[in-house]
Every structure is written in C-alpha cells, then in structure tokens.
1. Looking only at the stretch 301-359, filter to residues that are out of contact with any strand residue (DSSP E or B) (no Cβ under 7 Å at 6 or more places or on another chain) and acidic (D, E); which one of those is farthest from T103 (Cα to Cα)?
2. Being in a helix (DSSP H, G or I), farther than 15 Å from I204 by Cα and either among the charged types (D, E, K, R) or outside the structural domain of N163 (by TED's automatic domain parsing) (or both) is the filter here, so list the residues in the stretch 17-52 that pass it.
3. Being within 27 Å of the chain's Cα centre (by Cα) and part of a helix (DSSP H, G or I) narrows it down to one residue among V329, V338; which is it?
4. From the residues in the stretch 315-352 that are of a type outside the set (A, V, I, L, M, F, W, C) and surrounded by fewer than 14 Cβ atoms within 10 Å (Cβ to Cβ), which one is nearest to I105 (Cα to Cα)?
5. Any residue in the stretch 172-196 that's on the phi < 0 side of the Ramachandran plot and touching a residue at least 12 places away in the same chain (Cβ under 8 Å): show its pairings with residues that are among the charged types (D, E, K, R) and surrounded by 17 or more Cβ atoms within 10 Å (Cβ to Cβ) at Cβ separation under 7 Å, as long as the two are six or more apart or on different chains.
6. Output the residues belonging to the stretch 143-181 that are under 18 Å from the mean Cα position of the chain (by Cα) and more than 27 Å from V6 (Cα to Cα).
7. Given P127, P138, P107, P86, which one is touching a residue at least 40 places away in the same chain (Cβ under 8 Å), under 27 Å from R191 (Cα atoms) and not hydrophobic (A, V, I, L, M, F, W, C)?
8. Which residue is surrounded by the most Cβ atoms within 10 Å (Cβ to Cβ), if the candidates are limited to the stretch 141-158 and must be outside any helix (DSSP H, G or I) and out of contact with any helix residue (DSSP H, G or I) (no Cβ under 6 Å at 6 or more places or on another chain)?
Amino acid sequence: MTVRFVMVGGFLGAGKTTTLARLARMYQARGKRVGVVTNDQAHDLVDTNTFRAQGFATQEVPGACFCCRFDELVARVGSLEAAERPDVILAEPVGSCTDLVATVIQPLKDLYGGQFVVAPYPVLFKPSHGTRILQNKPAGGFSPKAAYIFKKQLEEADAVVINRIDEFDPAGVEELSRLVATNYPGMPVLRVSAQTGQGFEQLIELLDQDGGFGQKVLDIDYDTYAEGEAELGWLNASVRLVALAPFDLDALLTAVLRGLAGVCRGLGGEVAHLKLIGMDDAGAFGVGNVVSSDTEAKLSLPSHIRPREADLIVNARVAIDPGVLEAEVRKVVAAECVAFGIIPEFRASQSLRPGRPVPTHRYPAAKS
C-alpha cells in the first residue's frame, strides 16, 4: 500500500501547524488514518507537542531541515507506518528552509516511488512579512538575504496559498492575490484561513491531484541561502511551572509573548516567529504566537485552565544573537512567573544560528 505524502511549506509564522492540523482533521473525517512529521533545527518543538496534544500520531526530525536529515525523515515516516498504518503523512518543514523540491520531493519520488505518492507542494504566503518583501520594501530587521529565502520558497511551489485571509477585508485579499500574481506569473493562487477553515476544500482538492507536480527545481545560491538562515537567532526552551495557587495559563502565555515581543522590538530584532505552548499534567494545553514585530500576541488555541503545575515550551526565531535571545527569554519568563506567583524551573534550553544546509540528496533537475 502506498502512502500519500503531503508536505506544506511556508516561512516561519505562516501558519503551517494550524494548516496541517486542520488538514489532518479533514482527512480523518474522510476515514483516512493520518500521521504527522515535524521538523526543526533544535529539540523541544512547540509544533510536535501541539500535534500530539490534539491526538495526532506525530514523529519529529530535529537538528536540521528535512533536506539535511532526509534519511531520518524516511525513518520517522517508517515508524509511523509500522505503528499507525497511515493513509496520509503530513510533513511540516522548517520555516527557514527552501529548495525542498530538489532535496526532498524529487528524492522521495525517485528513491521511494513504490512507497509514497507525493502530493502537489503548496507553500503558505505569510502576509505580515510577504507584503513588504514582494513590494521590495525593507522587511523589518530582515536583510535581503533572508528575504531571498522567502521568495525562493514561493518560487518552487506548485501553488501559493495566501493564509490568514480572515484578517483582511475582500479588497485586501484581492491586493495580496495581485501581488503574488505579479511576482509569480502563472502561479496558481489559493486563499485560505487556517483559523476558520475558509478555502480549505479547494486546498485539499489540490492536494488530491496527481500528475506533473513537484518539478520546480530552483536555481539557488546556497551562500545567500545559508547567510539568510544564519541571521536568525533560534531558541527552544522548556520550563516547569509550579505555583501554590491556581494560575490563569492563558494569561501567562499572553504576558510572556507580549514581553518577548517588546524586548525584541527594543533590541531591533525582527520577529520571524515567537511560539509557545503551556500544558498541564492532565493534557490540557494552550498555544500562543507572535508572527512579526508589528503584530500582536495571539492565542491560537486557548487552554481555558487554571493549573497549579504546568510545562511551558518556548520557541523563538528572531533576527538577533541567539545568546542574547536566550538570556532575554529567561528574564521575561522569570519576571512574568513572579507576577503570577509561579516558581519557574528552567530545564532544557538550546540556542543557535542555523548552520549551512548540506542536503543528503540534491537533484539538479526533475526526474518525474
């Protein structure tokens, strides 16, 4: 039995996790068994915990992009197949990664064609950064090298999916569509809201198609790509929270996000994505995000709980030094915990700049 492999790309904060969770529920409603594979430069990924907390069978490929951990990607999919026998695998690549057609899709088709049917490759368009980048305006704290990655992600897509249309009026959505069409003539453009589900029937209809997809092998400068990725400070941290009295987990998540966003703005570092998840010992959880320096903190999945103990995982991707980022995250979390009467125990923390991508395979041209 072949498994349908669905990978959804997009920049950090484009909404890939919310999109894949909604797709997973839609596939399940059609009677399909679903597995999820997440990907990150470091361990303790909010996305992995978010999928698992929602009941999805999930494996994680940490330490580098899918392209550089291709064999581990195949192994993690194999683990899902052995345990869950999924009909569909949903894969979420690192949001700073591109060149995925040449390094993931083409190798899967060529080397594992009897095991997988690879779906068309959609890439989510993130309006908050994408509008400035495609208009060639200064993209906050991002240099042209980081903007280069954003543009290359869209260039290799089988379709560009404009997400977050619920945040715009119809005229604004039309303007975004024209902007994408002007920069990528002939590119199919879909309009969706991962939050509300609007447009998802069209997205899943695209993903059901077979044929000549996943063939846009990029002409890409890996020096520029590597330097663009290396601009981002990358932090994953886990914290145990203990309080004498019940505390409002959602209020704490919002306060931490606002504090981190304010610190990053003060340091002049553009936020690519701030994401955190809080989980109590019974499995209830809340998830919050900040997707750019000029957007507000938002709880995408509120918990509505008041625990005495919980676990907090913070993932921060910001264009500042990762050592500075780690220190500021600790300060903000500690300060907000004091305000809520919580004692924080910092457990694991990993801060880094992404290294140069070294793909396991790279196909110079499409074979199928």
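1. E336
2. Answer for the stretch 17-52, where residues must be in a helix (DSSP H, G or I), farther than 15 Å from I204 by Cα and either among the charged types (D, E, K, R) or outside the structural domain of N163 (by TED's automatic domain parsing) (or both): D47, R52.
3. Being within 27 Å of the chain's Cα centre (by Cα) and part of a helix (DSSP H, G or I) holds for just one of V329, V338, which is V329.
4. Out of the qualifying residues, it is G323.
5. So the pair list comes out as V173/R191; S177/R191; Y184/E155; S193/R164; A194/R22.
6. none
7. The match here is P127.
8. Per the stated criteria, the residue is A157.
The values are calculated or read from the model by the stated rules, or taken from the named source; none is laboratory data. All values reported here derive from a predicted model rather than from experimental measurement. Backbone-built Cβ (ideal geometry, glycine too); neighbour counts: all protein chains shown.
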